[in-house]
Amino acid sequence: MTHAPAISKPLATALKGGELPRLTDAHAPLTHAVEAINERGETELVHIPAERALTLYVDKRELVTLMTLGAYPELLVLGYLRNQRLVADARDIESITVDWDVGAAAVKTRRGIERIEERTASRVVTTGCGQGSVFGALMDDVASIALPPARITQGELYGLVNAIRLKESTYKSAGSVHGCALFRGSELLVFVEDVGRHNAIDTIAGWMWMQPHTVQGGDKVFYTTGRLTSEMVIKSAQMGVPIVVSRSGMTQMGHAVAAQLGLCAIGRATNRRFVCYTGAERLELQPELVGEFGQGRV
């Protein structure tokens, strides 16, 4: 069972982008059917996420191997390079070619990546599901990030959570994946699932970069099903998105970074419940909606 790609149309539009990178459009099944024994001792066919390895090469130099669901591998690679601050602009990349037969993504830059060996020498293993990693220097750049002004109303937050609840997803059919989404208010713009939430946010970052004239971060809200770690907060901030919402909680370092950046971090957001950890000045409270949602009128 494979759900239709959530961002196939924006990707197709982005491919006409002139100086933007040329991307292949590699596809792979998102789920895999296996036999399992249920609580009655019966054999049944169940679907599980089709995790696979994708080794990233930049100008023929092996950089990293990502474990991914593989829904949008080209955008994942683009967003990974963006969020690691190895590439400053999408136009610095000439092409990204993904070949699932060999599990490789080949990136060709226009002028190379300056000091790539030095910049990728130190690596920090993160707490991301699927074991993500960031290059050490990334943590030193937080102070240079300036977020745009933006606000979200409590009603928009409830609409956002409800949109995710209604979304058809690989998680509903197979479980074991994380989902990330980009919203404008309560309007769902893009939804991505992967085995790790760090992959899903990188894919969204790549999607945004392929549409520089129509998608900017300032009026957007980032949503994740996973916890808000320092990595997730930093990546959202680098995308210029000043409000993040999670179905889960937040780590101590994630909280410290969000507070430093003035980023609004909202966690434990399910139904009409939530906790605003930082940046409460960006949240317009409407406590009267709590009762309305509870009675099913909104």
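The values are calculated or read from the model by the stated rules, or taken from the named source; none is laboratory data. None of these values were measured; they are calculated from a predicted model. Using ideal geometry, Cβ is built from the backbone for each residue, glycine included, and neighbour counts are taken over all protein chains shown.
Side notes on the structure shown:
- Those residues of region 25-63 which are without any contact (Cβ under 8 Å) to a residue 24 or more places away in the chain and either of a type in the set (Ser, Thr, Tyr) or surrounded by 23 or more Cβ atoms within 10 Å (Cβ to Cβ) (or both), in sequence order: Thr43
- Counting only strands (runs of 3 or more DSSP E) that fall entirely inside region 208-273 and contain at least 2 residues that are modelled with pLDDT of 90 or more and of a type outside the set (A, V, I, L, M), the qualifying elements are 221-224, 264-270.
- Residues (in a helix (DSSP H, G or I) and hydrophobic (A, V, I, L, M, F, W, C)) located in region 147-161: Leu157, Leu160, Val161
- Qualifying residue in region 108-123 (condition: more than 18 Å from Ala205 (Cβ to Cβ) and modelled with pLDDT of 95 or more): yes
- Region 52-91, residues that are assigned to a loop (DSSP other than H, G, I, E, B) and either at pLDDT 90 or above or of a type in the set (A, V, I, L, M, F, W, C) (or both): Asp59, Lys60, Leu69, Ala71, Tyr72, Leu86, Val87, Ala88, Asp89
- Residues satisfying the stated conditions in region 64-81, i.e. surrounded by fewer than 24 Cβ atoms within 10 Å (Cβ to Cβ) and either out of contact with any Lys or Arg (no Cβ under 9 Å at 6 or more places or on another chain) or not assigned by TED's automatic domain parsing to the domain that holds Thr97 (or both): Thr65
- Scan of region 90-123 for residues that are without any contact (Cβ under 8 Å) to a residue 60 or more places away in the chain, of a type in the set (Val, Ile, Thr) and under 20 Å from Glu19 (Cα atoms), ordered by number: Val107, Thr109, Ile113
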